[in-house]
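The values are calculated or read from the model by the stated rules, or taken from the named source; none is laboratory data. Not measured: the values here are computed from a predicted model. Ideal geometry is used to build each Cβ from the backbone, glycine not excepted, and the neighbour counts take in all protein chains shown.
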Amino acid sequence: MTYFNDRPIPMIDPQRCDGCGLCVRACPTKALGLQDGKAVVANPLACEYSGLCEAVCPTQAITRPFEIVIASIENEEENASQIRQKS
């Protein structure tokens with residue numbers, strides 16, 4: 001899994017990326033950008049893991065090897081979002 005400051009970030013395969021820019025336009029937080037004709041996570045701290053980048057990529061160059069799980073627990077101290085690796 002790829003991390004930035006202990007946060008998972010999407011992985012972009014430069015071999016698959018054709019530089020179309022759909023992911024950059026779809027990213028609601030402007031975390032992605034184009035560099036040398038390829039998509040990159042230009043601002044990893046802005047990434048909120050919406051999944052839109054992965055969904056719009058026509059070449060499947062973007063993967064998010066994690067999912068966010070929000071569990072409701074009666075005890076508020078234990079109520080927290082978890083990020084876990086996809087299996």
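Things to note:
- For region 75-86, the count of residues that are closer than 14 Å to Met11 by Cα, modelled with pLDDT under 95 and surrounded by 14 or more Cβ atoms within 10 Å (Cβ to Cβ) is zero.
- Of all residues in region 27-67, those being among the β-branched types (Val, Ile, Thr) and in contact with a Gly (Cβ under 9 Å, 6 or more places away or on another chain) number 2.
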